[in-house]
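A short write-up of the structure that comes next.
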Amino acid sequence: YVLALLLPAVLYCRRIRIPTYNAFPLSQPRDTRIALAAIPITLMTVVVGAYTASAMSVFFAAFGLYPTSPVSAVPTGVVSHFLSSAVLPAIVEELVFRGAIMQSLRRFGDTFALFVSSLLFGLVHGNLVQAPMAFVTGLAIGYFVLRTGSLRTGMAIHFVNNALAVVLSAISASFSINGQQTITSIVYVVYLLSGFI
């Protein structure tokens, strides 16, 4: 996973001769207050992305198509599952999408760089269930990386989002479908309120 995403990004940066410090801005965020506020605001966009994905599912269902999320092998053990689902994606995907890709495209304008990197971030998830949420969330994460000038902001947001998803998944696994939907609805309300606050 790390090599499949990170190696091509590093080779791409070398090929186009973008300096490492420009491709991977890992300095302290310019404004810590914005970086901290970015976390609940981005969690709010997760809700928007989830409803976008639901709307797309309804649209495709009208044509007899039912997009599903592929079932991937989950590492055994709590620590390895947490590392592969929350820690590694937060580091690797931010280095690739908000780092190498977005930073290298900024010469065409920040809006273009933000849109293309978010689109690629959505597409790399490989399915129509996660792609809309990843795209919308990628827009928010990319915006805050641009605002704070640091990938650390994106890594923190990405980590919190994925860590909460892992914890939620573990908690809701023992509930019925109705229970899981209730938990998801409560979490979405919390995300929306925290984002507005």
Sorted list, accessible surface of protein heavy atoms, 1.4 Å probe, largest first, for Met155, Met102, Met133 is Met133, Met155, Met102
Mean-square fluctuation maximum in Gaussian network of the chain, Cα pairs under 10 Å, restricted to Leu43, Leu151, Leu105, hits Leu105
Taking the chain and counting helices only, DSSP H stretches of n ≥ 4 at -39,500 (n - 2.57) each over all residues, the nearest-500 ellipticity at 222 nm comes to -22500 deg cm²/dmol
The simple spin-label model distance between Leu3 and Ser27, using points 7 Å out along Cα→Cβ, in nm, is 3.4
Hydrophobic long helices for the chain, i.e. whole DSSP H runs reaching 30 angstrom or more by Cα along the axis with Kyte-Doolittle mean at least 0.5, come out as 32-61, 151-172
If one builds a Gaussian network model of the chain from Cα atoms under 10 Å apart, the most fluctuating residue listed among Phe159, Phe60, Phe97 is Phe60
Length gained if Leu36 through Arg17 is fully extended, taking 0.36 nm per residue and subtracting the Cα-Cα distance, is 3.6 nm
Out of Gly77, Ser117, Gln130 - ranked by how far each Cα lies towards the positive end of the dipole of region 75-158, with unit charges on the beta-carbon of charged residues - the top one is Ser117
A student asked for the Cα radius of gyration and Dmax of region 1-59 in angstrom ought to give 17.3, 45
To the nearest Å², the heavy-atom accessible area per residue of region 1-148 with 1.4 Å probe amounts to 56
Computed for the chain: size of charge dipole around the Cα centre, +1 on C-beta of each Lys and Arg, -1 on C-beta of each Asp and Glu, debye to nearest 20, value 600
Summing +1 per Lys or Arg and -1 per Asp or Glu among the other residues with Cβ less than 14 Å from Asp110's Cβ gives +4
Projected onto the charge dipole of the chain (unit charges on the beta-carbon of Lys, Arg, Asp and Glu, signs +1, +1, -1, -1), the Cα from Ala50, Ala62, Gly195 with the largest positive-side position is that of Gly195
Computed about the Cα centre, the charge dipole of region 85-197 from +1 Lys/Arg and -1 Asp/Glu charges at the Cβ has a magnitude in debye, to the nearest 20, of 240
For the chain the mean separation of alpha carbon contacts under 8 Å (6+ apart) over residue count, i.e. relative contact order in percent, is 35
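The values are calculated or read from the model by the stated rules, or taken from the named source; none is laboratory data. Owing to the predicted nature of the structure, the values given are computational and were not obtained by experimental measurement. For neighbour counting, all protein chains shown are included, and Cβ atoms are generated from backbone atoms with ideal geometry for every residue, glycine included. Each accessible area value is taken on the protein alone, full model and side chains, heavy atoms only, with ligands, DNA and RNA left out. Shrake-Rupley method; radii C 1.70, N 1.55, O 1.52, S 1.80 Å.
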